[in-house]
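What follows is a short report on a single structure.
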Amino acid sequence: MSHDHDDRPQLTAAQAAAVLNPPAGRNGGDLVVESLQGLGATTVFGLPGQHALGMFDALRRSSLRYVGLRVENNAGFAADAYGRITGEVAPLLLSTGPGALTSLAALQEAAAASAPVLAISSQIPTAGLGGGRHGYLHELRDQQASVRDIVKSVHTVRTASQIPSAIAAAWESALTAPHGPVWVEIPQDVLLAETTLPVVSAMDATPRELYPRPELTIAAAHLLSHAERPVIIAGGGVVRSDASGKLRALAEKIDAPVVTTFGGKGAFPWEHPLSLRSWLEDRHTTDFLEDADVLLVVGSGLGELSSNYHTFRPRGRVIQIEADAGKLESNHPALGIHSDAREALADLLEAVERREDAGAAERVRTVLEKVRARIEAQELTLEQQVLAAVREALPDAAPSFWDMTILAYWAWSAFDARRPNTMHSAQGAGGLGYGFPAAIGAAAADPTKPVLAVSGDGGAMYSIAELATARQYDLPLTWLIVDDGGYGILREYMTGAFGETTGTELARPDFVALAESFGVPAVRTTPESLAADLAKALATPGPSVVVLPSLLRMFEPTHL
């Protein structure tokens, strides 16, 4: 392939001199940080380790802001949240072996939630690669094998000149729909070796756009335009692709009720006349969805939680728009459209005919009244009071991050997120310890807004070390810890299944005293004073902790 000479970069004399005479004292780590800067990164997360020191030494010669957490898994959760909030790639710097392996649960959550995390891990020296047992510190037979089933793509570097291209390829992979975590690994000796390569300049790693095929858009538009009872399920893909406005316009054009999945919270206005809200773990909602003659599923794979634990059996035609080809028709036969949600909704909006249904809003009201009556019959006033207090205290634009705890399980169904991309939880992979470190990542992404983390006492113990991180960087976040003396949801599950519990009851610290020992102000609250205490904490600069001793219960499931 020939190139026109005019296409070659035109350098000034000063630029040419800089290229030909790069500064001394640079190593492979500098190529890593220069590549990240060239791609547009501004913030990196991570934890130093012996094999990764070349990268960390190079950070001080860069303009990148480093947010260091105390545990690699928590650093991964912080990067995950940064990626969700900004839609940008979140670099995560890790060391070899134990450091790399400790990040895996966070990378699983990033994969499940389609968060663009770029994990860059060191490796044992190049001489040790290939599976031989050399006895290097942190040595694994095949480090990649531990991550390959979790991340979208794996990129291996063996020489310094490969670093920029590997990072650019990983960056593009992370941002190509569906977003997700990617993995680059670089041997210790490559990171430490001095380099005379030119300083990396701006790089292009534009992700591929994923457009719907036009014949599928036409077929879907025809089904929706002529449906008698169309309904829309909006998943996390709507939020990630910033398609909430297009979703609303489509729903209003065809008078279709909309339910949002737990990952799609905020994708559709809670108080809209067509909003079924998020009561997916409710048989009344499930029945309504089954009765649709055309069901449009956007940005959801209709997994366990979105299908009321796989009890959902659609009777009408299903149209599924999904960026992850593996999720297309994985649970239900459908007209499968492999596309980014935003692009597909834009095309559908143009192609559908206006359809009026005066009774749609009334049918929505009827379902919500049935749901309300079912919950009220269970006398769960305390739980609803606590959730309402959180909603009252939290500013509309403030992001919240919820651990796997009973209050979060309530929030999935009953919490009005008010804005797209403000409510996030670990329900993708379901691991404990997400809430507080994720809030750190969000606060690092936008320190102009307060951030809320919600954990139970069991999940909080995964993340206590990060109180030091929040204090060190003086981040504007409040941590609500609901203290019920155990793994509350597992206590309920075990009692229901076996009549007694094993391993669910926990000794725990005085969380107020513990937070204060980190220099983080804390208060013990009650359900009655929660709204005021939480609002005050959120309005105060820097980190804070609010502890609510309370035993909350779950509403009865409908799938059993």
At 1.4 Å probe size, what's the solvent-accessible area of THR422? Round to the nearest 10 Å².
10
Nearest 20 debye, what's the magnitude of the dipole of the chain about its Cα centre given +1 on Lys and Arg Cβ and -1 on Asp and Glu Cβ?
380
Keeping the other protein chains in place, figure out the carbon and sulfur percent of the accessible area of segment 307-460, with a 1.4 Å probe.
46
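Report the charge-dipole magnitude of segment 380-441 in Debye, nearest 20, computed about the Cα centre from +1 at each Lys and Arg Cβ and -1 at each Asp and Glu Cβ.
So the dipole magnitude of segment 380-441 works out to roughly 120 debye.
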Can you work out the FRET efficiency for the pair ASP291 and ALA361, with r the C-beta to C-beta distance and R0 = 22 Å, to the nearest 0.05?
0.85
With Cβ to Cβ distances under 11 Å as the rule, what net charge do the other residues near ARG372 carry (K, R +1; D, E -1)?
+1
Cα convex hull of segment 117-264, projected area averaged across orientations, nm²
12.8
note: segment 260-375, Cα-Cα separations exceeding 21 Å make up a percent value of 39
Would you calculate the volume per residue, in Å³, of the smallest convex hull containing every Cα atom of segment 326-419?
204
Residues with amide H under 5 Å of TRP479's amide H, sequence separation 5 or more or different chain, H placed in the peptide plane at 1.01 Å from N; which?
ALA453, SER544, VAL545, VAL546
Please give the solvent-accessible surface of TRP402 in Å², to the nearest 10, using a probe radius of 1.4 Å with every protein chain present.
0
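Dipole of segment 162-242, Cα-centred, from +1 at each Lys and Arg C-beta and -1 at each Asp and Glu C-beta, to the nearest 20 debye?
Dipole of segment 162-242, to the nearest 20 debye: 400 debye.
Lys and Arg at +1, Asp and Glu at -1: add these up for the other residues within a Cβ distance under 13 Å of SER330 and post the number. Intermediate values should be presented prior to the final figure.
Working: positive: LYS327; negative: GLU304, GLU322, ASP324, GLU329.
Spelling it out: positives minus negatives among the neighbours equals -3.
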Carbon and sulfur atoms: what percent of the 1.4 Å accessible area of segment 91-182 do they account for?
51
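Cβ neighbours within 10 Å, averaged per peptide: list 408-421, 111-124, 348-361, 25-38 in order, most packed at the top. Write down the numbers at each step before the final one.
On the way: 408-421: 21.1, 111-124: 27.5, 348-361: 14.6, 25-38: 23.9.
Taking the mean over residues of other Cβ atoms within 10 Å, the ranking is 111-124, 25-38, 408-421, 348-361.
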Pair ALA169, SER517: separation of 7 Å Cα→Cβ label points (nm)
4.8
Accessible surface, 1.4 Å probe, highest first, among residues ARG524, ARG65
ARG524, ARG65
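Quick check: convex hull of the Cα atoms in segment 352-508, volume per residue, rounded to a whole Å³? Write out the running numbers ahead of the final one.
Values: hull volume 26.6 nm³, N = 157.
Dividing the Cα hull volume of segment 352-508 by its residue count gives 170 Å³.
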Kirkwood Rh in Å, taken over all unlike Cα pairs in segment 1-103:
15.6
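For GLN50 and ALA202 in one chain, what is 0.36 nm times their gap in residues minus the Cα-Cα distance, to one decimal in nm? Spell out each step's value before the answer.
Working: separation 152, 0.36 × 152 = 54.72 nm, distance 2.93 nm.
Taking 0.36 nm per residue and subtracting the Cα distance, the gain is 51.8 nm.
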So, how do all the Cα-to-Cα distances of segment 425-508 break down into 10 Å bins, in percent, from 0 on up?
18, 42, 27, 11, 3
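Which order do LYS265, LYS370, LYS536, LYS246 take when ranked by solvent-accessible area (1.4 Å probe, heavy atoms of all protein chains), largest first? If you can, show how the numbers build up before the last one.
Values: LYS265 5, LYS370 105, LYS536 145, LYS246 60 Å².
The residues order as LYS536, LYS370, LYS246, LYS265, largest area first.
Count the DSSP beta bridges whose two residues both fall in the chain, then state the antiparallel fraction as a percent rounded to the nearest 5. It would help to have the intermediate numbers written out before the result.
Values: 2 of 62 bridges.
The answer is about 5 percent antiparallel.
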So, taking all protein chains as they sit and a 1.4 Å probe, how much accessible area belongs to MET494, in Å² rounded to tens?
50
Toward the positive end of the charge dipole of segment 491-560, about the Cα centre and with charges on Cβ (Lys, Arg +1; Asp, Glu -1), which of VAL520, MET494, PRO541 goes farthest?
PRO541
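Which shape class applies to segment 206-268: rounded if a/c is under 1.5, otherwise prolate when a/b exceeds b/c and oblate if not, where a ≥ b ≥ c are the square roots of the Cα gyration tensor eigenvalues? Before the final figure, lay out the partial values.
Details: a/c = 2.25, a/b = 1.12, b/c = 2.02.
It is oblate, given that a/c is not under 1.5 and a/b is not larger than b/c.
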If you find the alpha carbon centre of segment 380-398 and of segment 414-481, how far apart are they in angstrom?
16
Of the residues VAL154, GLY130, SER241, the Cα lying farthest along the dipole of the chain towards its positive end, which is defined by charges on the beta carbon of Lys, Arg, Asp and Glu, belongs to GLY130
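Compute the accessible area per residue over the chain, keeping the other protein chains in place, probe 1.4 Å, unit Å². Please report the intermediate quantities before stating the final value.
Numbers: 22580 Å² over 560 residues.
Ligands and nucleic acids excluded, the result is 40 Å² per residue.
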Amide hydrogen neighbours beyond the local backbone of VAL318, cut-off 5 Å, H modeled
LEU295, LEU335
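Rounded, prolate or oblate, given the Cα gyration tensor of segment 501-545, with a/c below 1.5 counting as rounded?
Values: a/c = 3.07, a/b = 1.54, b/c = 2.00.
Oblate shape, in that a/c is at least 1.5 and b/c is the bigger or equal ratio.
What full-extension length gain, to one decimal in nm, is calculated for GLU350 and ALA397 as 0.36 nm per residue of separation minus the Cα-Cα distance? Before the final figure, lay out each step's value.
On the way: separation 47, 0.36 × 47 = 16.92 nm, distance 3.03 nm.
Separation in residues times 0.36 nm, less the Cα-Cα distance, equals 13.9 nm.
The values are calculated or read from the model by the stated rules, or taken from the named source; none is laboratory data. Remember, it's a predicted structure, so these values are computed and weren't measured experimentally. Because the Cβ atoms are built from the backbone with ideal geometry, glycine has one as well, and the counts that use them run over all protein chains shown. With ligands, DNA and RNA removed, areas are computed over all heavy atoms of the protein, side chains included. Shrake-Rupley method; radii C 1.70, N 1.55, O 1.52, S 1.80 Å.
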